[in-house]
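Enquirer: Attaching a single structure in structure tokens format; questions to follow.
The values are calculated or read from the model by the stated rules, or taken from the named source; none is laboratory data. Predicted model only: the values in this text are computed from it and were never measured. Heads up, the Cβs are rebuilt from the backbone with ideal geometry, glycines too, and the neighbour counts pull from every protein chain shown.
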Amino acid sequence: MNKKNLKQITISLIVFSIVCLITAFIFNTSVQTIFYTKLSPEGGILGPLKVDKANSVYYIHVLQSVPTNNWSVVSGSVLDENKAYLFGFGKELYRESGYDSDGAWTETKNDYETKITMQKGTYYLEFENETSVSKPRQAGIVVKVEQKRGSSLFFFVAGILGIIAGVIINEIANRTISTVIATMQSSD
């Protein structure tokens, strides 16, 4: 292949990548907010969540403020229409502070997010909390559930791979790779 053909392939790959990344961005936008509520510190059940279309993507954001030098594990479970367990998710939330040789420090993780893909049906979301915090100081759990347009993962990965391939082909077309290798070999 000549340099002109390689440049055309590079441009095509870059355009393909841009289209994929724009599509991923569009698929990652929210269609609607299903739940946005504050549960008790112990947790609770949200639902029913009626999924009308197979492979629907839902974004779940969980937030709980944890007092300094404490932790909390907020676990979520997806339940079927009979409230039987299907699968779960969760993370440890914490707030730590102290002093070291650099002075005072604080580290906080008070939220997490996940995406789940659901089949057509009726579901419930159950949240439970295990914590080191005593009840009078414990904050409630804020849960936001949004429906996304679709899964953006394929388009995002295709866009990144297209950019990488485009850069490599461009480097081959410009012979910059072989020039760098030749320079390195001649310096030895």
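Enquirer: Can you tell me which residue within the range 61-110, out of those that are part of a loop (DSSP other than H, G, I, E, B) and touching a residue at least 40 places away in the same chain (Cβ under 8 Å), is surrounded by the most Cβ atoms within 10 Å (Cβ to Cβ)? Spell out how you get there, then give the answer.
Expert: Of the residues in the range 61-110, the ones part of a loop (DSSP other than H, G, I, E, B) are 64-69, 80-84, 101-102, 110.
Next, only the ones that are touching a residue at least 40 places away in the same chain (Cβ under 8 Å) stay: 64-67, 80-81, 83, 110.
Numbers: Gln64: 25, Ser65: 16, Val66: 23, Pro67: 15, Asp80: 12, Glu81: 13, Lys83: 13, Asn110: 16.
Restricting to residues being part of a loop (DSSP other than H, G, I, E, B) and touching a residue at least 40 places away in the same chain (Cβ under 8 Å), the top hit is Gln64.
Enquirer: Right, next: Do we find a residue being at negative phi, free of Cβ contacts under 8 Å to residues at least 60 places away in the same chain and not acidic (Asp, Glu) anywhere in the range 41-60? Before the answer, list the steps.
Expert: Initially, the range 41-60 is screened for residues at negative phi, giving 41-42, 45-46, 48-54, 56-60.
Now drop any that are not free of Cβ contacts under 8 Å to residues at least 60 places away in the same chain, which leaves none.
Looking for residues that are at negative phi, free of Cβ contacts under 8 Å to residues at least 60 places away in the same chain and not acidic (Asp, Glu), one finds none in the range 41-60, hence no.
Enquirer: May I ask you to list pairs of residues, at least six apart or on different chains, whose Cβ atoms are under 8 Å apart, with the first in the range 150-166 being in contact (Cβ under 8 Å) with a residue 60 or more places away in the chain and the second being surrounded by fewer than 16 Cβ atoms within 10 Å (Cβ to Cβ) and among the aromatic types (Phe, Trp, Tyr)?
Expert: Ser152/Phe25
Enquirer: Identify the residue in the range 131-142 that is part of a loop (DSSP other than H, G, I, E, B) and among the hydroxyl-bearing types (Ser, Thr, Tyr) and, among all such residues, is modelled with the highest pLDDT.
Expert: Let us first name the residues in the range 131-142 that are part of a loop (DSSP other than H, G, I, E, B), namely 132-134, 138-140.
Add one more test, that the residue is among the hydroxyl-bearing types (Ser, Thr, Tyr), and what stays is 132, 134.
On the way: Ser132: 88, Ser134: 75.
Checked the range 131-142; the qualifying residue modelled with the highest pLDDT is Ser132.
Enquirer: Now a separate question. Within the range 111-147, take every residue that is aromatic (Phe, Trp, Tyr) and surrounded by 18 or more Cβ atoms within 10 Å (Cβ to Cβ) and give me the one that is farthest from Lys91 (Cα to Cα).
Expert: The extreme case among them is Tyr123.
Enquirer: Would you mind telling me which numbered condition in (1) buried (at least 17 other Cβ atoms within 10 Å of the Cβ); (2) out of contact with any Leu (no Cβ under 8 Å at 6 or more places or on another chain); (3) assigned to a strand (DSSP E or B) Ile34 fails?
Expert: Result: Ile34 passes all but (2).
Residue-wise test of (1) at pLDDT 95 or above; (2) in a strand (DSSP E or B); (3) over 26 Å from the mean Cα position of the chain (by Cα).
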{"position": "Tyr112", "(1), (2), (3)": "yes, yes, no"}
{"position": "Glu126", "(1), (2), (3)": "yes, yes, no"}
{"position": "Asn129", "(1), (2), (3)": "no, yes, no"}
{"position": "Gly150", "(1), (2), (3)": "no, no, no"}
{"position": "Ala173", "(1), (2), (3)": "no, no, yes"}
{"position": "Ile177", "(1), (2), (3)": "no, no, yes"}
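Enquirer: A further question on this structure: Which of the following residues is in a helix (DSSP H, G or I) and surrounded by fewer than 16 Cβ atoms within 10 Å (Cβ to Cβ): Ile22, Ile9, Ile14? Even if it seems obvious, please write down each step before you answer.
Expert: Values: Ile9 fails: surrounded by fewer than 16 Cβ atoms within 10 Å (Cβ to Cβ); Ile14 fails: surrounded by fewer than 16 Cβ atoms within 10 Å (Cβ to Cβ).
When all the criteria are applied, what remains is Ile22.
Enquirer: In this structure, is Ser17 closer than 30 Å to Arg175 by Cα and of a type in the set (Ser, Thr, Tyr)? Give the derivation first.
Expert: Details: closer than 30 Å to Arg175 by Cα: yes; of a type in the set (Ser, Thr, Tyr): yes.
Yes.
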